[in-house]
Structure formats: structure tokens, C-alpha cells
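Take a look at the structure set out below.
The values are calculated or read from the model by the stated rules, or taken from the named source; none is laboratory data. Owing to the predicted nature of the structure, the values given are computational and were not obtained by experimental measurement. In this analysis, Cβ positions are derived from the backbone assuming ideal geometry, glycine residues included, and neighbour counts consider all displayed protein chains. The accessibility values were calculated without ligands, DNA or RNA, using every heavy atom of the protein model including side chains. Shrake-Rupley method; radii C 1.70, N 1.55, O 1.52, S 1.80 Å.
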Amino acid sequence: LCIRDSAKVLGHLPDQGERLSLGFLNTLCEEIERIHPPGARVIICSDGHVFGDLIRVPDDHIDAYADALGHLIRDADLRRLSVFDLRDVLGDLPHGAKRARVHQGYAPTLEALRAEVRSEGHTLALYRGITRFLVDDTADFTGTRSALQRECRQRAYGVIQRSRAWGELIAEHHPRAVRLSIHPQPIGAPKFGIRLLDAPDVWTTPWHSAALRRADGTWTLMPRTRARQLGRLVHRHGRPSHYEQG
């Protein structure tokens, strides 16, 4: 879970993009069970509270999103899926206290990370990519473009620190799990990249886009403003769900 920009998504709660993604993950587990009788299950590790202050997403929106995701799993009887977040680790502590505890316990120092950005090409590319993402998804900044870029470069370091911390925490709590990521991963990384749905590029996720059902019945993800040009809005259970062509 990251920023749900109104130019890209239909709202701060899960919609058809998430429904399709959950269905894909549950089907993946079923397919594994066909050739590996013990089967598999997927634990969806929701990192929203880890980054909430850095990506400017309200904590109540993050809670509402994770809770709604759990409801979707139960309503669709997707028994091979579950959700894991900081509430499972630190209970009802204030969100800021949770973030501070995770950062202090697991994150690399800023000095060490800056040295890695200078010396490691992959980390430099990641830092630049996150900076661009933060610049593009910051809609309410009132200063100059250069000031926004400086601020987002600072936040990008924090995002990488928290990402490393979250990874260490997950490894500690799920030591025998095979880790998947919804983002591309380099060869030899501790996670395997997995693509949830068809999209124009590998970085597009359901929580940064809207789902469009094409005229041929296939689905794709794209920014809401683009999907609105191509199809009509469909509501489900009283909330915007997706767009349809034809």
C-alpha cells in the first residue's frame, strides 16, 4: 500500500484491481497445490504504516484499506490468503511509535545508506526511482519544483531505510517463507518479483491505478484519468469499482 493519488485511483479503499489481484494469488496457490500436495498460502504483508508519514498517507486510510482487504478475502472465501501488518507485531501502539520502533530496531543508518547509493549502481537506481515516484505523487506541494525535488530526495532515503527495516522484520516473523514482491527484483535478490495483473509497465500496481475491462473481456491497469477516457465507470456495492469499454 502506498499513495492512492486521485488522478490515478478511484479512492483510498480497494477496488476491482485488488479483487482481481487477490483472485490471481489464490489461484496461484491452487495451481501449486496441483503439483505440490501440501499446497501453499500467501501472506500479504501490508507496509502502509511503515511508510505512512513519508508518503503522506493518513494512518486511518491505511487501516481502512487493510481492513477492507481482509473483508474482500473473507467475502470471496479466498482461504489461502491472509494479511499481515504492524498491528500483528506491535498491537495498538500509536502509529508513530510503531514506525519509530521498527526504524530503530531494523533500519540501516543514513550514513551507511548514502555510502551504498554512491557505490552500488542498483541502490542508486532505486534511490532515483523512488525520488521520481515521490515527486510525481506529491500533488499539494506549494514551493518550487527544485525545492520539491530536494525534499523528495530526503524522503527517498527514509523510504529505503524503512523498506530495509520492514524486510528484516518480515524475515524475523516469517523465517521459512519464500518472499515475493510486486516490483521487479534483480537476480540474486532475497525476493522474487511477481506480476499481479496486465499493465503498461512492470511498476504499475492496483493501488496506483484503476482497472479497465477491455471490450474483449481482458483486464488492464492504468491511471484513472486515462481509464475514464476509454470506458464508463462501474460501481459495486455503492462504490466506484472499475471502468468498462464498449
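Just to confirm a number: summing +1 for Lys and Arg and -1 for Asp and Glu over residues other than His183 whose beta-carbon lies under 10 angstrom from that of His183, what do you get?
Taking every other residue near His183 into account, the sum is +2.
Kindly provide the chymotrypsin sites (Phe, Trp or Tyr not before Pro) of the stretch 175-207 that DSSP labels as loop, not H, G, I, E or B, and whose Cβ sees at most 14 other Cβ atoms within 10 Å.
On the way: sites: Phe192, Trp203, Trp207; in loops: Trp203.
Hits after loop and neighbour filter: Trp203.
If the elastic network links every pair of Cα atoms under 10 Å, which of Arg74, Arg56, Arg176 fluctuates the most in the Gaussian network model of the chain?
Arg176
Tell me which of Thr123, Leu197, Leu69 sits at the most positive position along the dipole axis of the chain, charges placed on C-beta atoms (Lys, Arg +1; Asp, Glu -1).
Sorting the options by dipole projection puts first Thr123.
With each label point set 7 Å from Cα along the Cα-Cβ vector, what nm distance links Arg128 and Asp92?
4.8 nm
Of Tyr243, Gly96, Phe84, which is farthest towards the positive pole of the chain's charge dipole, taken about the Cα centre with +1 and -1 on the beta-carbons of Lys, Arg and Asp, Glu respectively?
Going by the charge dipole, the pick is Tyr243.
Counting only other residues whose beta carbon sits under 9 Å from that of Arg87, what net charge do I get with K and R as +1, D and E as -1?
On the way: positive: Lys98; negative: Asp63, Asp85, Asp88, Asp92.
Net charge around Arg87: -3.
Could you give the accessible area per residue of the chain, probe 1.4 Å, as a whole number in Å²? Before the final figure, lay out the partial values.
Values: 13600 Å² over 246 residues.
With all protein chains present, the chain gives 55 Å² per residue.
Quick one: if you stick a label point 7 Å off each Cα along the C-beta vector at Arg101 and Thr218, how many nm between them?
The modelled label-to-label distance comes out at 4.7 nm.
Can you give me the Rg/Rh ratio for the stretch 169-240, using Cα atoms for both radii and the Kirkwood formula for Rh? Kindly include the intermediate steps, with their values, before the conclusion.
Working: Rg = 16.2 Å, Rh = 14.6 Å.
In the stretch 169-240, Rg relative to Rh is 1.11.
(i) 0.96; (ii) 0.98; (iii) 1.00: which one is Rg/Rh (Cα atoms, Kirkwood Rh) as calculated from this entry?
It is the one labelled (i).
Where Rh denotes the Kirkwood radius from the mean inverse Cα pair distance, what is Rg over Rh for the stretch 106-246?
Values: Rg = 18.5 Å, Rh = 17.8 Å.
On the Cα set of the stretch 106-246, Rg over Rh gives 1.04.
GNM, the chain, Cα, under 10 Å: largest mean-square fluctuation among Cys152, Cys45, Cys29?
Top of the fluctuation ranking is Cys29.
With only Lys, Arg, Asp and Glu charged, each at its Cβ (+1 for the first two, -1 for the last two), find how big the charge dipole of the stretch 58-173 is about the Cα centre; round to the nearest 20 debye. Walk me through the intermediate numbers first.
Values: 17 positive and 18 negative charges, 113 e Å.
Charge dipole, the stretch 58-173, about its Cα centre: 540 debye, nearest 20.
Using Cα-Cα distances under 8 Å and only pairs 6 or more residues apart, what relative contact order does the chain have, in percent? Mind showing how you got there, number by number?
Values: 331 pairs, mean separation 60.0, N = 246.
Value for the chain: 24 percent.
Need one number: % antiparallel among DSSP beta bridges in the chain, to the nearest 5. All intermediate terms of the calculation are to be shown ahead of the outcome.
Working: 9 of 17 bridges.
In the chain, DSSP labels about 55 percent of beta bridges as antiparallel.
If each DSSP helix of 4+ residues adds -39,500 (n - 2.57) and the sum is divided by the residues in the chain, what number results at 222 nm, nearest 500 deg cm²/dmol? Each step should come with its number before you reach the end.
Values: 9 runs with 124 residues, N = 246.
About -16000 deg cm²/dmol.
For the chain, which whole percent of the accessible surface, found with a 1.4 angstrom probe, sits on carbon and sulfur atoms?
Working: 7110 of 13600 Å².
Result for the chain: 52 percent of the exposed heavy-atom area is carbon or sulfur.
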